[in-house]
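Report on the following structure.
Quick note: the coordinates plus some simple rules give every number you see, no bench work behind them. If you're wondering where the values come from, they're calculated on a predicted model, not measured in any experiment. Neighbour counts run over all protein chains shown; Cβ positions are idealised from the backbone, glycine included.
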Amino acid sequence: MKIIKATNYDEMSKKAASIIAAQVVLKPNCVLGLATGSTPLGTYKKLVEWHNSIDLDFSNVVTFNLDEYVGLDPNHEQSYRYYMNNNLFNMINIKMENTHVPNGMAPNIEEECANYDKMISDFGGIDLQLLGIGHNGHIGFNEPGEYFQKGTHCVTLSEKTINANSRFFESIDMVPRKAITMGMLAIMQAKKIVMIASGEDKKEILGKALFGPITPRVPASILQIHPDLTVITTISL
């Protein structure tokens, strides 16, 4: 595990973007695992900036997003497909058919989950996975539980997660209660993982995840055993 202390959010975002950009330059057809939420926005903004200023080339890159809400159309402003299109994909030269986000409107969610895992496997797995961390230690939407879920699956979101995400919706009642999330196997099989975390409200859970017992009660704690984990954070641990 490598921990990089950033002085502020912008520096954290730049450092994370630098690692992703290096991956793209070194392996132009790499497979990136991507995250959503407020934390990665600065990272994506920097990647767009470098695409425009130094021709960072995403034309052969393939992406897989961690998760998507069940029941939200891809054109819904709070869907993660919409988020990715508007914060990254539409502003770089990636082929849209090479970008993958779980389909929260799929008629058969179980089949959608199985197909998602197969696609990741067919592309040879993820080269670099970008992660954030939730206030309860979730990565993707892998919520605290009795065991680590291996495959992509449908999850019932915890009240803590629903409350945290309600700021993106008009009211808490509009937050979906279920989501599709990549499981721990695909995440842990990524060749490299970069986790970004900012804000003192994440200090306690980040400490538990990185230095506490490895337990499904703190899903991110499993990252302690990954052979190539880089944590970039503004938080003093």
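Tabulated values for the structure
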quantity	calculated
Computed [θ] at 222 nm, deg cm²/dmol, the chain (DSSP H ≥ 4; -39,500 (n - 2.57); rounded to nearest 500)	-9500 deg cm²/dmol
Net charge over other residues, Cβ less than 13 angstrom from the Cβ of THR43 (K, R count +1; D, E count -1)	+1
At most 11 other Cβ within 10 Å, DSSP loop - GluC sites (Glu not before Pro), the stretch 7-88	GLU77
Reachable aspartates and glutamates from LYS5, criterion Cα separation under 19 angstrom, eight or more residues apart if same chain	GLU200, ASP201, GLU204, ASP228
Considering only the stretch 112-216, percent of DSSP beta bridges that pair antiparallel, nearest 5	55 percent
Positive dipole terminus of the chain, leading residue within MET91, ASN142, ILE19 (C-beta point charges)	ILE19
Net charge of neighbours whose Cβ lies under 14 Å from the Cβ of PRO216, counting Lys and Arg as +1 and Asp and Glu as -1	+1
DSSP-assigned coil residues among GluC sites (Glu not before Pro) in the stretch 91-182, each with at most 15 further Cβ atoms within 10 Å	GLU146, GLU170
Gain upon complete extension [ASN103, ILE54; 0.36 nm per residue less C-alpha separation]	14.3 nm
Considering only the chain, percent of DSSP beta bridges that pair antiparallel, nearest 5	30 percent
Axial C-alpha extent at least 18 Å, average Kyte-Doolittle at least 0.0 - helices from the chain (DSSP)	9-26
Neighbour count of at most 15 Cβ within 10 Å plus DSSP loop: longest trypsin sites (Lys or Arg not before Pro)-free window in the chain	1-94
The stretch 138-237: chymotrypsin sites (Phe, Trp or Tyr not before Pro) in DSSP loop, at most 12 other beta carbons within 10 Å	TYR147
Under 9 Å, Cβ to Cβ, from THR181 - net charge with Lys/Arg +1 and Asp/Glu -1	-3
